[in-house]
1. By count of other Cβ within 10 Å, fewest leading, how are 11, 5 ordered?
2. PRE reach from residue 74 (point 7 Å along Cα→Cβ): which of segment 91-109 fall under 15 Å by backbone N?
3. Using the basic label-point model (7 angstrom from Cα toward the beta carbon), what is the residue 10 to residue 38 distance in nanometres?
4. For residue 82 and residue 51, compute 0.36 nm times the residue count separating them, minus their Cα-Cα distance, and round to one decimal in nm.
5. Take the Cα atoms of segment 3-106, build their convex hull, and give its volume per residue in Å³.
6. Arrange the peptides 32-39, 101-108, 43-50 so that the one whose residues have, on average, the most other Cβ atoms within 10 Å appears first.
């Protein structure tokens, strides 16, 4: 199992390039970093956690959206977005983020 993500700027209708992303796994009552990256020109971090490295458990992805919007010259409401989810025992997990300056949504992708 691996984990990837994709960020789309729904205001502009295009991928959000350069969003800093951190993946953490729940461990011992807290979270420990297991992956990080910045979205590419297509808005993706294709191997936030490469295939075969993700284990079943709880994970959290933090997207540094405030800094990204600031770099675009846009005032935004959220300084960061955190998505906390459970991973089962198989298959690739893709966690997209649809983003605007004042809202966001996410879902389990494929």
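What follows draws every value from the coordinates through simple rules; no lab data is involved. As the structure is a prediction and not an experimental result, all values here were calculated from the model. Cβ: placed from backbone, ideal geometry, glycine included. Neighbour counts: every protein chain shown.
1. With the fewest neighbours first, 11, 5 line up as 11, 5.
2. 97-105
3. 2.6
4. 8.9 nm
5. Once divided by residue count, the hull of segment 3-106 is 92 Å³.
6. My ranking of the peptides, most packed first, is 43-50, 32-39, 101-108.
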